[in-house]
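Student: I have a structure here, written as structure tokens, and I will follow up with some questions on it.
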């Protein structure tokens with residue numbers, strides 16, 4: 001027991017260090033390279049720790065107007081996706097669940113697209129898009145959940161098939177919508193491929209409170225998710241209000257996924273990979289996985305975003321494509337691993 | 001406040017089922033603290049449904065459940081989980097939890113959603129793991145444990161719940177003998193030491209009889225027998241409820257009933273049973289009686305001496321028999337009755353029993369039966385010379401029987417009778 005607790009603390013320290021490194025790299029690397037020391041001293045200055053360092057005004061503008069909001073947005077989106085993935089995996093009792101895989105992200109994207117095309121993007125200062133994304137995510141989550149459930153269990157095959165089928169329907173609907181979209185088409189491509197470019201501080205202001213409040217609320221569910229892993233009947237015997245927990249988890253996972261998608265489009269595999277990787281290191285306890293996801297999710301997406309804008313600079317790769325290229329093989333590895341299951345996950 | 005009368009588990013005239021179908025049709029069971037009540041009955045009799053009703057998993061359509069005087073269906077799941085703990089058949093978490101993590105989950109009814117494990121939770125978990133002998137497995141992932149170890153972890157999880165009522169749902173299925181006994185010993189000790197009220201579903205009647213203070217037999221959703229093991233586990237119950245013939249007798253040491261099942265020999269049961277009469281003594285006739293009865297013969301026996309093993313087997317099998325008191329000679333009246341049985345039998349089987357002055361008359365009766373044309377088969381596993389305690393008379397009668405009868409080497413060879 002002490003060994004597991006020690007391992008958890010050590011992992012959290014490592015993850016925190018990695019997150020700081022990712023932020024500094026994310027802010028420092030780009031068309032104009034900025035040394036890590038400079039980045040850190042600028043941060044320290046903004047936090048009123050030191051006097052203004054001797055750096056050109058242009059560097060200050062690049063750091064605080066261009067790169068930092070993007071890095072922070074990547075962090076918040078990564079956190080939302082990772083926590084949503086954790087919630088969905090716990091709910092479905094299946095490590096294959098992820099907001100993108102089960103189609104929730106597509107639902108959110110479709111909701112957002114419809115609102116944008118209807119000219120409602122400005123409603124409630126951007127909250128209209130987030131609201132529509134949330135509604136779309138919730139509908140898809142509910143439909144997939146009902147489709148994948150056979151008797152008391154949610155099976156991996158049905159889950160994947162239901163998710164694929166629903167995602168296919170979503171993309172069909174999106175194609176139809178796009179054919180009526182005229183000059184908005186580039187705008188819509190962005191939603192489907194995912195990206196964080198030119199969002200600025202405004203997007204951050206919308207999504208950050210949702211993700212942080214949602215993550216805090218997830219703290220109330222982690223214990224019940226542990227018990228759900230024993231099966232619904234056993235969870236009920238141990239005092240879990242099973243149906244209520246499932247509804248809340250579904251709603252919260254959809255909220256987090258929708259919040260992320262509403263500013264970044266569809267970014268797959270972060271929600272799938274993050275909890276799973278952490279499970280291999282610190283075990284399956286959701287009480288530990290949640291804080292670990294809060295640190296690891298942002299790190300992964302900040303680094304993926306860094307790759308998307310530096311690999312073929314000055315052009316930018318779609319962020320969703322980068323996570324898919326990294327995540328796809330990982331997903332296949334998981335599928336293969338399941339047959340001789342050992343380690344973090346058993347199905 | 002819980003009063004003494006309310007303590008434990010009370011299931012009161014419960015009607016419950018799935019969909020429109022009632023599985024339980026008015027079942028009442030009460031378990032008081034410090035008592036183990038076994039639930040037996042064939043598949044589909046409603047045992048598991050009763051477990052689910054008692055553990056707040058299936059709301060009864062009629063009737064009520066009381067745990068320590070409270071209605072679990074009127075309580076939140078967490079509070080009910082503090083009153084009743086269930087030991088499921090097995091537990092296979094979908095994620096890789098360690099044994100300790102699984103046992104600590106048993107503490108969750110006592111914890112808040114955000115709170116970590118308090119000192120009390122750790123000590124309860126540790127105590128439960130020590131009680132079931134799995135403390136050394138604390139850091140091992142569940143999927144690496146053997147079936148027996150995993151089952152004891154599951155028991156520890158339920159014990160850590162520290163509920164006054166414990167419900168065991170066939171806790172011993174798929175366990176080997178040693179783990180079965182270990183697990184039941186743990187449950188018995190906890191019942192006595194911590195005064196928990198325990199309701200257990202048992203498939204194995206012998207385990208139920210050996211473990212429980214009382215047994216409740218269910219059949220088609222109703223209680224058909226209830227009482228001490230000796231009152232419930234009987235031949236009649238096995239015949240009526242399970243539809244099997246079995247031998248039930250008290251264990252010599254514990255006095256609790258022991259069930260021995262006799263699977264019928266397929267293909268040898270004949271239409272219209274033939275009659276076989278067995279001459280035995282000192283237990284040598286018992287295998288013949290069993291074998292012939294299993295083959296479908298209507299078996300009679302005699303003359304037997306009371307309290308001889310053969311006599312006990314004949315009486316347990318409820319065979320028509322002629323008996324005399326222990327160590328007495330065979331009186332004329334008994335001899336006459338026995339000869340009548342032999343003459344009307346299709347075959348007389350004479351076992352390789354020891355013959356002395358007290359029972360040599362049996363051989364004379366067999367010779368007489370053989371003379372009147374009855375088929376006689378001799379079992380000759382032991383040579384006559386070694387079991388003649390009459391000074392030659394038995395050997396003389398035996399050779400006379402040999403001259404007209406058939407000889408087999410062991411009771412199993414009696415199968416030739418139906419060939």
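The values are calculated or read from the model by the stated rules, or taken from the named source; none is laboratory data. Because the structure is predicted, anything quoted here is derived from the model rather than measured. We place every Cβ from the backbone using ideal geometry, glycine too, and count neighbours over all the protein chains shown.
Student: Please give the number of the condition residue A:240 fails out of (1) surrounded by 21 or more Cβ atoms within 10 Å (Cβ to Cβ); (2) at pLDDT 85 or above; (3) part of a helix (DSSP H, G or I).
Tutor: (3)
Student: From A:212, A:180, which residue is more than 25 Å from residue A:146 (Cβ to Cβ), modelled with pLDDT under 80 and more than 14 Å from chain B (Cβ to nearest Cβ)?
Tutor: Numbers: A:212 fails: modelled with pLDDT under 80.
A:180 is the lone residue from the list that is more than 25 Å from residue A:146 (Cβ to Cβ), modelled with pLDDT under 80 and more than 14 Å from chain B (Cβ to nearest Cβ).
Student: Could you check how many residues of the stretch A:223-247 are touching a helix residue (DSSP H, G or I) at 6+ places or on another chain (Cβ under 8 Å), farther than 14 Å from residue B:80 by Cβ and more than 8 Å from every other protein chain (Cβ to nearest Cβ)?
Tutor: 5
Student: Is it true that some residue in the stretch A:248-255 is assigned to a loop (DSSP other than H, G, I, E, B), over 20 Å from residue A:77 (Cβ atoms), within 14 Å of chain B (Cβ to nearest Cβ) and touching a helix residue (DSSP H, G or I) at 6+ places or on another chain (Cβ under 9 Å)? Walk me through how you get there before you give the answer.
Tutor: Step one: of the stretch A:248-255, the residues assigned to a loop (DSSP other than H, G, I, E, B) are none.
No: zero hits.
Student: Next up: Before we move on, is residue A:88 modelled with pLDDT of 85 or more, touching a helix residue (DSSP H, G or I) at 6+ places or on another chain (Cβ under 8 Å) and within 24 Å of residue A:229 (Cα to Cα)?
Tutor: Considered against the rule, which asks whether it is modelled with pLDDT of 85 or more, touching a helix residue (DSSP H, G or I) at 6+ places or on another chain (Cβ under 8 Å) and within 24 Å of residue A:229 (Cα to Cα), residue A:88 comes out as yes.
Student: Okay, next question. If you check B:397, B:378, B:363, which single one turns out to be surrounded by 19 or more Cβ atoms within 10 Å (Cβ to Cβ) and within 13 Å of residue B:303 (Cβ to Cβ)? Give the steps one after another, and end with the answer.
Tutor: Numbers: B:397 fails: within 13 Å of residue B:303 (Cβ to Cβ); B:378 fails: within 13 Å of residue B:303 (Cβ to Cβ).
Exactly one residue qualifies, and that residue is B:363.
Student: Right, next: Mind listing just one residue for me: the one in the stretch B:81-110 that is within 16 Å of residue B:165 (Cα to Cα) and facing chain A (nearest Cβ under 7 Å) and, of those, surrounded by the fewest Cβ atoms within 10 Å (Cβ to Cβ)?
Tutor: Among those residues, the one meeting the criterion is B:88.
Student: Residues of the stretch B:38-57 being facing chain A (nearest Cβ under 10 Å) and either in a loop (DSSP other than H, G, I, E, B) or farther than 28 Å from residue B:231 by Cβ (or both), which ones?
Tutor: Listed by number, the residues that qualify are B:55, B:56, B:57.
Student: On to the next question. Scan the stretch B:330-350 and give yes if some residue there is under 32 Å from the mean Cα position of the chain (by Cα), free of Cβ contacts under 8 Å to residues at least 60 places away in the same chain and buried (at least 20 other Cβ atoms within 10 Å of the Cβ), otherwise no.
Tutor: First pass over the stretch B:330-350, keeping only residues under 32 Å from the mean Cα position of the chain (by Cα): B:349.
Now narrow it down to the ones that are free of Cβ contacts under 8 Å to residues at least 60 places away in the same chain: none.
No, the stretch B:330-350 contains no residue that is under 32 Å from the mean Cα position of the chain (by Cα), free of Cβ contacts under 8 Å to residues at least 60 places away in the same chain and buried (at least 20 other Cβ atoms within 10 Å of the Cβ).
Student: Could you check how many residues of the stretch B:130-172 are within 11 Å of chain A (Cβ to nearest Cβ) and either modelled with pLDDT under 85 or not in a loop (DSSP other than H, G, I, E, B) (or both)?
Tutor: 11
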